[in-house]
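Asker: Can you keep this structure in mind? I'll have questions shortly.
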Amino acid sequence: MVNPAFLTNTGQDIPDDIQEIQTPEGELHLRFFITSGEEFALPANGIKEVMQLPPERITAIPNASRLLLGTINLRGQIIWVADLGQFLGTPLILNTQRQEIPIIVVEDQEILLGLAIEKLGDIDWLDLEKLKMPPSNVPDNMAPFVPGEWIMDNQEQVLLRLLDHIAILRSARWAA
């Protein structure tokens, strides 16, 4: 049975120290870093899974593209794993001699790809209205995959670049 006093409560008994729940502005994004130290964000709605795996769980495939680290088995499904920094054209190769490698599995129309990165960051609500398009000073080999950027700190010019996971999945670079 429901307490009748509960149904008629007007909120007068709520303590003052409880903060109001605010509706976040923007869309949810996962922030992360690649080997060059650059920070990127991916829209949460394009991410299938985020994991950290020991390097021995990634099976190397002979004669595969230099961009690919190998494959993983995700609940019975084989997924290619790429070094995202190498894919974006950074000269530094991902260090696989460590305890765990962070991998972001992105998805579009049932196509899955694991993106191995240097370090995971936060999950943040980012306002798309504050996205600067087109981005500034993006290297040519990275430009097709970076539709915009947020300026996170004007004084230090800290940039957070948005990645287009669909452009990455459909890139012709995988054939090279």
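The values are calculated or read from the model by the stated rules, or taken from the named source; none is laboratory data. Bear in mind the structure is a predicted one, so any value in this text is a computation, not a measurement. Every residue, glycine as well, gets a Cβ built from its backbone with ideal geometry; the counts of neighbours run over all protein chains shown.
Asker: Of all residues being among the polar types (S, T, N, Q) and loosely packed, with under 11 Cβ neighbours inside 10 Å in segment 14-51, which is modelled with the highest pLDDT? Just the residue, please. Working first, answer last.
Answerer: Taking segment 14-51 and keeping what is among the polar types (S, T, N, Q), we get 19, 22-23, 35-36, 45.
Next cut, loosely packed, with under 11 Cβ neighbours inside 10 Å only: 19, 22-23, 45.
Numbers: 19: 55, 22: 62, 23: 64, 45: 92.
In this case the residue turns out to be 45.
Asker: Of these, 159, 163, which one is within 14 Å of residue 33 (Cα to Cα), surrounded by 18 or more Cβ atoms within 10 Å (Cβ to Cβ) and in contact with a Pro (Cβ under 8 Å, 6 or more places away or on another chain)?
Answerer: Numbers: 163 fails: in contact with a Pro (Cβ under 8 Å, 6 or more places away or on another chain).
Going through 159, 163 in turn, the sole match is 159.
Asker: Return the residue satisfying two criteria in turn: it lies in segment 53-82 and is among the polar types (S, T, N, Q) and surrounded by 14 or more Cβ atoms within 10 Å (Cβ to Cβ), and of such residues it is nearest to the chain's Cα centre (by Cα). Show your work before the answer.
Answerer: Looking only at segment 53-82, we keep the residues that are among the polar types (S, T, N, Q), and these are 59, 63, 65, 71, 73, 77.
Okay, now just the ones that are also surrounded by 14 or more Cβ atoms within 10 Å (Cβ to Cβ), so 65, 71.
Values: 65: 22, 71: 19 Å.
Among those residues, the one meeting the criterion is 71.
Asker: Considering only residues of segment 69-101 that are touching a residue at least 24 places away in the same chain (Cβ under 8 Å), touching a strand residue (DSSP E or B) at 6+ places or on another chain (Cβ under 6 Å) and of a type outside the set (Val, Ile, Thr), which is farthest from residue 119 (Cα to Cα)?
Answerer: The qualifying residue farthest from residue 119 (Cα to Cα) is 80.
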